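Novice: Next up is a structure, given as structure tokens.
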Amino acid sequence: AEARRELAAAAEAERQPAARLHRLVATAAIFFGASADFKDQAAAEATAATLADLLKQTGARIRLVGHTDETGSPETNLRVSRARADAVVRLLTERGVTQHQIVIASRRATVPLSDAPATAAFSVNRRVTFELPYDHEPGP
């Protein structure tokens, strides 16, 4: 009986908005084409809607991290990774998330998901990922 109660309590905790936010941050990303256009607009909007709902429920802040593939100069990749993060900012703010809740970072091509030499493999590196910022981390 005690084990059953503990399992029920753990299952309930997993349904709480904060736990759902942590899970989304750990498992989701929004992917892009070669520029700052979403690879799949519907998927980007669905992820942003879920993230926005959780941010509004919890009052948490989010760090949006822009990534690029290794093509392009460091300056170009910095500009593109920022434009990708800005595109996600627009999705979130359109859904009621405040600018105060958002921190933006750029990792350009420093954290690839794929380092395969094929151009098609580079596309998974064109993304915005999510992190929970540190307490008192400066915002925008």
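The values are calculated or read from the model by the stated rules, or taken from the named source; none is laboratory data. Being a predicted model, the structure only gives us computed values, none of them experimental. We place every Cβ from the backbone using ideal geometry, glycine too, and count neighbours over all the protein chains shown. Keep in mind that these areas ignore ligands, DNA and RNA; they rest on the heavy atoms of the full protein, side chains included. Shrake-Rupley method; radii C 1.70, N 1.55, O 1.52, S 1.80 Å.
Novice: Under 7 Å by Cβ, and 6 or more places apart or on different chains, what pairs join a residue from region 1-25 that is within 30 Å of Val103 (Cα to Cα) and open to solvent by 90 Å² or more (accessible area, probe 1.4 Å) with one that is modelled with pLDDT under 70 and in a helix (DSSP H, G or I)?
Specialist: none
Novice: Between a first residue in region 72-88 that is on the phi > 0 side of the Ramachandran plot and a second residue that is buried (at least 17 other Cβ atoms within 10 Å of the Cβ), which pairs have beta carbons less than 8 Å apart while being 6 or more apart in sequence or on different chains?
Specialist: Listed pairs, sorted by first residue: Gly72/Val80.
Novice: For region 53-72, name all the residues that are outside any loop (DSSP other than H, G, I, E, B) and farther than 11 Å from Pro17 by Cα.
Specialist: The answer is Ile62, Arg63, Leu64, Val65, Gly66, His67.
Novice: From the list Ala85, Ala46, Ala52, Ala29, pick out the single residue that is within 23 Å of Tyr134 (Cα to Cα) and out of contact with any Gly (no Cβ under 9 Å at 6 or more places or on another chain). So that I can check it myself, show each step before the final result.
Specialist: Numbers: Ala85 fails: out of contact with any Gly (no Cβ under 9 Å at 6 or more places or on another chain); Ala46 fails: within 23 Å of Tyr134 (Cα to Cα); Ala52 fails: out of contact with any Gly (no Cβ under 9 Å at 6 or more places or on another chain).
Exactly one residue qualifies, and that residue is Ala29.
Novice: Quick one: is Pro133 assigned to a loop (DSSP other than H, G, I, E, B) and modelled with pLDDT under 85?
Specialist: So Pro133 fails the test.
Novice: Of all the residues that make up region 28-46, how many are assigned to a loop (DSSP other than H, G, I, E, B), modelled with pLDDT of 95 or more and open to solvent by less than 50 Å² (accessible area, probe 1.4 Å)?
Specialist: Selection size over region 28-46: 1.
Novice: If you don't mind, another one. Which residue out of Arg126, Arg108 is on the phi > 0 side of the Ramachandran plot, at pLDDT below 95 and either of a type outside the set (A, V, I, L, M, F, W, C) or buried (at least 19 other Cβ atoms within 10 Å of the Cβ) (or both)? Reasoning before the result, please.
Specialist: Working: Arg126 fails: on the phi > 0 side of the Ramachandran plot.
None of the other options fit; the residue is Arg108.
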